[in-house]
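Laboratory data are not the source of any read-out in this text; all were calculated from the coordinates shown. Since the structure is predicted, the reported quantities are computational estimates derived from the model, not experimental observations. So basically every Cβ, Gly included, is an ideal-geometry build from the backbone, and we count neighbours across all protein chains shown.
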Amino acid sequence: MEEIRCPMCSKLNPAENEECQYCNARLKPLVASAEGAGEQAGPQEGEDAPEWINRLAEFEDHSGDEPAKTAADQPAPAADTGPAEPGSWLARLQKDVEKYEESKADLPAVEPEFPASPAAGDSLPEWLRNVRQAANRDLVEPPLGVPVIEPGSSEEDAWLEKLRNQKFEPPEKPILDVNPDAGLVEPPAEPDWLHAFPDRKEESVEGEPAASAASGLPEWLSGGAPSTEPEAISDWNTGSQPVQPAEIPDWLGDETPSHPAEEQPVEEKPALPPGISTEPEVDKPDWLIELEAHAPQAPAPFPASPMLNFDQPPAGEVAARVENNFPAEELPDWLASFGPAASQAPAVDGTSAQAGDEHTGGEAAPADLPSWLRAMRPIETVAPSPAARRESDQREEKTGPLAGLRGTLPAEPSLASFQRPPSYIARLQPTENQERYKSIFEELIANEKEPQPTRAAGLISPQRLWRLIIAVLLLAAVVVPFVTGISFLPLPGLLPQETLDMQTAIDALPANAMVLVGVEYEPSLAGEMESAAAGVVDHLMKKGARLAVISTSPTGPALADRLFDQVTALPEDYHASYTGGEKLANLGYLAGGPAGLMDFVLRPQAAAPAMLDDGTSAWQQPALRGVNSLDDFSLFLLITDDQQSGRTWLEQIQPRTAANAPLLVVSSAQAAPVLSSYLDGRQVDGLTAGLAGGTIYEQLLQHPGPGTGRWQAFVLVMAVSLVVIILGTAVDLIMEYLAARKANAEA
Amino acid sequence: MKSPVSTAIAIAVGIIVLLGYFLAFPGLDVIRSLLLEWAVILAAAATWIGAVNLLAAHGTKIGKRQPDAPYSLVLILAFGITLLAGIWDLVLHPEFSILDQIVRSIQFPVEASLMALLTVSLAYASIRLLRRRRNLFTITFFISTVLFLLMASGLVSLIDSNIIPPLVAALGRLPVAGARGILLGIALGSLTTGLRILTGTDRPYGS
């Protein structure tokens, strides 16, 4: 996208903008526009001029002792300020014209004419319209005695011829070497009166006091050469006379354009004497109008300044001419840094040094402005170089997700600098307490490292001795009753109600009643459970009940066989029918735990498909005849040592039992408290627990069994255990007390 | 997210089995029996998986020649022998007479002996209890142990007093009260767990 730089704030704006979007300054020069062609009249004094220009003009007027300033000393913003122009130089110029006209009273009066089109006039600013009206008024109403010359008449040519013959002599060589191959604008056919101007250039080169366009400039702009001193203008124009370095500020020297002169189409303009320097304003030639019409095609970043439209070569044009006409080696040092004008636009419009910056890529050295000029400089010029900003904006991102993109915002320096973080060595600053703790800890560690005297290991440790004593005592308590046969302890005298209820329930069984016996205990507790259940099983056998044994434990069927073998080993007649499968059927292991038990409740034969050795089904035994469902069982006996298995039976079997089918439980001593809880809810109709319960039941039956035979040993072992625990604890506490007392005494 | 199919199946099976407790529909019982049979088969399969895992673990120990490798070897040998005996019984003796003999001749004495050793160890632990940790709970536990041992031994019957029988009966209700509290907690927990499974909140059957 094409952009142009604002001459006021130096910021980039789109090319189509008429005014700067930042400072509202006019971007396109009026002279470059087609509407403004031929209407390059300056404003009247003090009219529509910016304040700073008016102050600058006043300063120039009242500072006669200031150092002389060349045209190059003109600050750039002043040259860019199009519509504003102080009137002192214009007044002097007009005075010179009046003087010249007075001296040439015999010349015919010139009829003013401004070939502005109505359309162009409408777009003209107010100041320019006023200037033109003033110029017309001055020209229409010439002073007395001044003849009026009609444009295009023979009188006009004669007047110009006289003027040329009187004031100018042709120079030896043209001011500018315009290379037609460099794409310069080919000037149109010049009028006859303009052919004499090359001679005038030659005169200026020869050092003769030839008037230049700079004569129309104010003193501060013309580099100290007043408009009435054609020698100074000639020197400035040709560069033959070096300007003192002190007279040129550094900022101008830094604005040296880098483009060759061939690339900068510079318009060659004839130098006019001061007396007729305003002629183009009055009546521009056709070629100049056409040239100005083509001006927008060339890069013209700065607007035209009416102040510089009076054939005054601007700074850039001057530099171009100097570069073309004088090699660098022939120039003084201060002037060698000057190059051709940065663009042709400055040549046409009176550009500033910033234009050169734009075209040279911003490579100019920083300027060293005088203090008074620095104070006058706009704030925007102090801002960072636009070229530098543009350069930074075009920096290509190298890393990160934006790699390869241009114009990205640079990261913060702290964020963009990827480096290894510094390593901080944290050195602990211990306090006094920490130092004290450290010393204590070191002392403890040192003590730990010292070997401690070890006690001589005895043949047997106290722990093993204690265990040995306990084992011997318990073993003796078990063996002595069996060996001696002494019955020194009475049988249990307390008869629990649940035991009585169990006896009542079994007594109520009919003959050949079907009883389901669940053996749910482990071999480790088989001794206790056999003693507890033997009396109950014997009671069932005595009642002639048919027994179906089932177990959800893999070892249950074997333990059941063991239990019934012990019971039937007793010399009773009714036991004979329980050895051949007539009234006893072992259905074996019931897999699946609670699910298997539930399945057995629903389908007993399918859930427990036991087989006999002859290959027949266990359900075909005489003991199980007529049993097809759970309702066919008249009583349920659960022998368990675990509360979990007892609870499973109570949850799965008891709800599906018949209303008149009691559920009796023979449990171990450890499971009795839990299973006793079901007695209150009548989920369990009778309970006997442990060896004591079995012994009690045997007493009820008055039929001694395994429980009664083991009761003496059981009670003796329990007594020994109590004594061992109580005495052992007392001895242990006493020993501990003595050890502590001894330790205190040693301390 | 766990599979909704498995969740739906679990909920449906649970509801069917639960309804079987309250509704006496013949068709419902058939479905319940089928589901329970499947559950038993799956439980048997799970038992086999556990057995294989056990053999693999102990086989690894033997392969690595760990210090307890001989025990693992004994376990594997015992497993193999029992398995062969079971198969042998399954083929020739459907009443499993050989397995019964193994349990009665080997397993029962071994477990009974271990229980006897446990008696000695518990007695010694009771002696060391107050020395190791002496606080309110250990003292209470020690007193309870002595008291209920005394009650279970029947030695209190030697005391001729009218106070002893009701006192023993009252003390005997204390464990029942505690056990009832435990059962109530178990029942509430089982009920909550069952409801959570039926509603799909808990999915112990995996994804």
(Q) Given Cβ point charges of +1 (Lys, Arg) and -1 (Asp, Glu) and nothing else, what value in debye, to the nearest 20, does the dipole of the range B:1-94 about its Cα centre take? (A) 420 debye
Q: Compare the Cα positions of B:I49, B:T82, B:G27 along the charge dipole of the range B:1-94 (+1 at Cβ of Lys, Arg; -1 at Cβ of Asp, Glu; about the Cα centre) and return the one farthest towards the positive end.
A: B:I49
Q: Anything in chain B that counts as a DSSP H helix reaching 20 Å or more along its axis (C-alpha) with Kyte-Doolittle mean of at least 1.6? List them, would you?
A: B:4-22, B:69-92, B:136-153
**Q.** Ranked A:Y437, A:Y100, A:Y424, criterion: other C-beta atoms within 10 Å, fewest first
**A.** A:Y424, A:Y437, A:Y100
Q | Qualifying trypsin sites (Lys or Arg not before Pro) in the range B:1-109, DSSP loop, other Cβ atoms within 10 Å at most 15 | A | B:K2, B:K64, B:R65
Q. For the range A:497-704, what does the alpha-carbon gyration tensor say about shape, rounded, prolate or oblate, given a ≥ b ≥ c as the root eigenvalues, a/c under 1.5 as rounded, and a/b over b/c as prolate?
A. rounded
Q | Extreme residue, positive dipole direction of the range A:540-664, given options A:L612, A:I639, A:S629 (C-beta unit charges) | A | A:S629
